[in-house]
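The values are calculated or read from the model by the stated rules, or taken from the named source; none is laboratory data. As the structure is a computational prediction, the values presented were derived from the model and not from experiment. Note that each Cβ is placed from the backbone with ideal geometry, even for glycine, and that neighbours are counted across all protein chains shown.
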């Protein structure tokens, strides 16, 4: 046989064994739980989440609001940690626990209070302007009076009870500081608390030799981990890793090389723990921030952390907290796929309970993962579409009075405050809980709380408001990948578009009056040059594109697997 014939046969063999060209081009990774969701959830109704967030901000920060259980905000003159007026926002509407005091200070939570400031900030409201600088007032959660010198969930608080309540306030505060550089003492507080968490990481990892975050919390007085014998929060490695990676980026930008290396080492210890951990460690939302951090470190620093395992864990059933999972069902004729919460499968009976806070916050770290690893663009786009549709069910106007626990409260005519969650057969033998909007206070008879409307979850609707925008097709959303990507490198506008249909679709987007080159990270190529005004983008069936709008004059360069325009990375995986 001639050499020419041999090559011909080899080429034919290669051609018949390759998958179709479309499959090669997609190169998309599945998130298994999300694949259970429909591409086209029904019934479909997309709320204007930006408007909901703006309405929440108006009501939540109205000190003169009139009506039952209003206002939900008050000024705090106790001056426990700062020598100025502070403020608090209730965790629930009608939460009269806030009338109690601990060491002379009213009891209120940073998650609802700082969360409300951040949610408004994300949709473009400057919370430093006006009569009150709400951002600087958040320094009240820097617990110096107790000697903790940490940002905790209450003005008078101690560490050692739960990683979740000890790390998330730091994430909130750090994120606010990113959007309000130079405000008050925020930068100094971040430097001090990041160092505290570095010291804790040294203890939790035996100086990096044996990372072990499988504990309930960390006590900063004894400088030892704590275990309450009831639960453990190994996913806390994710939130601590986020804190340390932010500290690394800040130190690096300030030219503090040695500090940057220490913080980066700690971030690596955290990611290595998650990489090696054998079972799903999701307790609350800590793992979400670890997944984002792992994807970002892979993209920016050429690490090789197992993002596929971590991102699937974020949506699948937890081992650390066995009820926690993404809901993937229809409840009372509604697709509620994509909502984040609990799904029981034990002697208490099968039932579901989805939470507003968990759902809104999940988008915060998970959506920008698609920027650093576009192999998850389709899966993340599909999740956003389902969650953005189903999240409307957290609000009272989506339910008749018999299908909600607090129908009598009339203080929110625009329906911008969500119920804590929605239930479905959560308690066996109660048929009224077929898709029932409610929360824990009334069901669990917590006492001085009058409604199940959860401000601590409603605060984060600004995440959806900042990320999600409509296009010319109501089911193809524009998803902003930069909106919650804090402490990032410079970037051009970057958007994800998921086409849920079984046929190719074209959507119109407005790129502005200045000419832009349109780059698609999934296709690894420019799809339009010098575009202005309304531009049509073609999206293949059941696929996603990640579009970056770049200046036409920018020089295109390569750095390993990264493509840059004008020195700015537009594609981290152009390989």
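Restricting to the range 214-230, and then to whatever is free of Cβ contacts under 8 Å to residues at least 24 places away in the same chain and part of a strand (DSSP E or B), can you tell me which residue is surrounded by the most Cβ atoms within 10 Å (Cβ to Cβ)?
Result: 225.
Quick one: would you say residue 190 is modelled with pLDDT of 95 or more, surrounded by 21 or more Cβ atoms within 10 Å (Cβ to Cβ) and under 22 Å from the mean Cα position of the chain (by Cα)?
yes
So which residues in the range 152-195 are over 21 Å from residue 486 (Cα atoms) and part of a helix (DSSP H, G or I), if there are any at all?
Correct list: 163 only.
How many of the residues in the range 202-213 are out of contact with any strand residue (DSSP E or B) (no Cβ under 9 Å at 6 or more places or on another chain) and either in contact (Cβ under 8 Å) with a residue 12 or more places away in the chain or assigned to a helix (DSSP H, G or I) (or both)?
4
Assess whether residue 325 counts as being touching a residue at least 12 places away in the same chain (Cβ under 8 Å), in a strand (DSSP E or B) and in contact with a helix residue (DSSP H, G or I) (Cβ under 9 Å, 6 or more places away or on another chain).
So residue 325 fits the description; yes.
Select from the range 105-125 the residues that are touching a residue at least 60 places away in the same chain (Cβ under 8 Å), closer than 18 Å to residue 136 by Cβ and not in a helix (DSSP H, G or I) and list them in ascending order.
Across the range 105-125, the qualifying residue is only 125.
Please find, among 496, 482, the residue that is within 21 Å of residue 370 (Cα to Cα), touching a strand residue (DSSP E or B) at 6+ places or on another chain (Cβ under 6 Å) and buried (at least 20 other Cβ atoms within 10 Å of the Cβ).
Exactly one of 496, 482 is within 21 Å of residue 370 (Cα to Cα), touching a strand residue (DSSP E or B) at 6+ places or on another chain (Cβ under 6 Å) and buried (at least 20 other Cβ atoms within 10 Å of the Cβ), namely 496.
Considering only the range 231-267, how many residues are closer than 19 Å to residue 171 by Cβ and touching a residue at least 40 places away in the same chain (Cβ under 8 Å)?
So the count comes out to 19.
Listed residues 267, 328; which is at pLDDT 95 or above, more than 24 Å from residue 39 (Cα to Cα) and crowded, with 18+ Cβ neighbours inside 10 Å?
267
Residue-by-condition table, conditions (1) modelled with pLDDT of 95 or more; (2) under 16 Å from residue 234 (Cβ atoms); (3) surrounded by fewer than 24 Cβ atoms within 10 Å (Cβ to Cβ):
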site: 300; (1), (2), (3): yes, no, yes
site: 307; (1), (2), (3): yes, no, no
site: 310; (1), (2), (3): yes, yes, no
site: 319; (1), (2), (3): yes, yes, yes
site: 332; (1), (2), (3): no, no, yes
